């Protein structure tokens, strides 16, 4: 397959590129190759590539930044996605959009499935919900709602905690925010299986098992042989963050199971591989 990937300077984009290129022709696109908000430029770039699949993780992933600048957030996360869907349709390419577990408000008492109604609590989540609606207008689409990401090549929640611990500094994290985690390399492997099976639709995607942010950070520090007491759990209400977060973000990967796609391994195993790969702070 010829796969174009946006946002390859970002965390997930790097992981996707690393895994995809092992089996397929990958065309990584950074902002220097084409600003996703510049529709004519993106059309020219993608028309030259002629991809069979366009994977779109690019955007503004920072909840607080989106809350501070909603106009920019909608332009980058929603409008740019809408334009890329049109380009994909014109080129006859499958379009894969990266969404988030943040589209849910956390009020359920059991894991969210793909068919559950969304109720986005933040500007960031609303931009993703609006983008999902645009993507669904095109039949040949995949929407992957991913959990908290960690992986090689870019600073992330886990890596930040390890850097703090290496420097013997405390790392304050939410102790009451329960969800899942997603190793970027595992995400890429699963996405490839979906593309190869030629199935469309919305898919929840995370490593199996649940954890709080505190449990995830503490386990990473322990695996690195560092002082886990430096990870400090605090209630979300005391984190003083402008963007609202849901306390419960656990997802069930029902759509992947129904499609016969193997589920990613447990988060503990993936985290161990990631931490082992780190020799020094990235």
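One line per residue, one yes/no per condition, for (1) more than 20 Å from the chain's Cα centre (by Cα); (2) over 25 Å from residue 153 (Cα atoms); (3) surrounded by 19 or more Cβ atoms within 10 Å (Cβ to Cβ):
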position: 233; (1), (2), (3): yes, yes, no
position: 236; (1), (2), (3): yes, yes, no
position: 240; (1), (2), (3): yes, yes, no
position: 253; (1), (2), (3): no, yes, yes
position: 265; (1), (2), (3): no, no, no
position: 268; (1), (2), (3): no, no, no
position: 271; (1), (2), (3): no, no, yes
position: 274; (1), (2), (3): no, no, yes
position: 277; (1), (2), (3): yes, no, no
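Give 194, 158 a once-over and let me know the one that is under 15 Å from residue 274 (Cβ atoms), touching a strand residue (DSSP E or B) at 6+ places or on another chain (Cβ under 7 Å) and not in a strand (DSSP E or B). It is 158.
When every residue of segment 185-196 is checked against the conditions, none turns out to be surrounded by 15 or more Cβ atoms within 10 Å (Cβ to Cβ) and over 29 Å from residue 92 (Cα atoms).
Taking the conditions (1) in contact with a strand residue (DSSP E or B) (Cβ under 8 Å, 6 or more places away or on another chain); (2) crowded, with 19+ Cβ neighbours inside 10 Å in turn, residue 136 satisfies each one other than (2). Is it the case, given these coordinates, that residue 167 is crowded, with 22+ Cβ neighbours inside 10 Å and either closer than 21 Å to residue 214 by Cβ or out of contact with any helix residue (DSSP H, G or I) (no Cβ under 9 Å at 6 or more places or on another chain) (or both)? Spelling it out, it is not the case that residue 167 is crowded, with 22+ Cβ neighbours inside 10 Å and either closer than 21 Å to residue 214 by Cβ or out of contact with any helix residue (DSSP H, G or I) (no Cβ under 9 Å at 6 or more places or on another chain) (or both).
Every listed requirement among (1) in a loop (DSSP other than H, G, I, E, B); (2) closer than 25 Å to residue 245 by Cβ; (3) touching a residue at least 60 places away in the same chain (Cβ under 8 Å); (4) more than 16 Å from the chain's Cα centre (by Cα) is met by residue 168 save one, (2).
Scanning segment 172-184 for residues that are surrounded by fewer than 20 Cβ atoms within 10 Å (Cβ to Cβ) and not in a loop (DSSP other than H, G, I, E, B) returns 172, 178.
A short reminder: the numbers here are calculations on the coordinates, not readings from a lab. Keep in mind that what you see is a predicted model, and the values were worked out from it rather than measured. Every residue, glycine among them, receives a Cβ derived from its backbone with ideal geometry; neighbour counts consider all protein chains shown.
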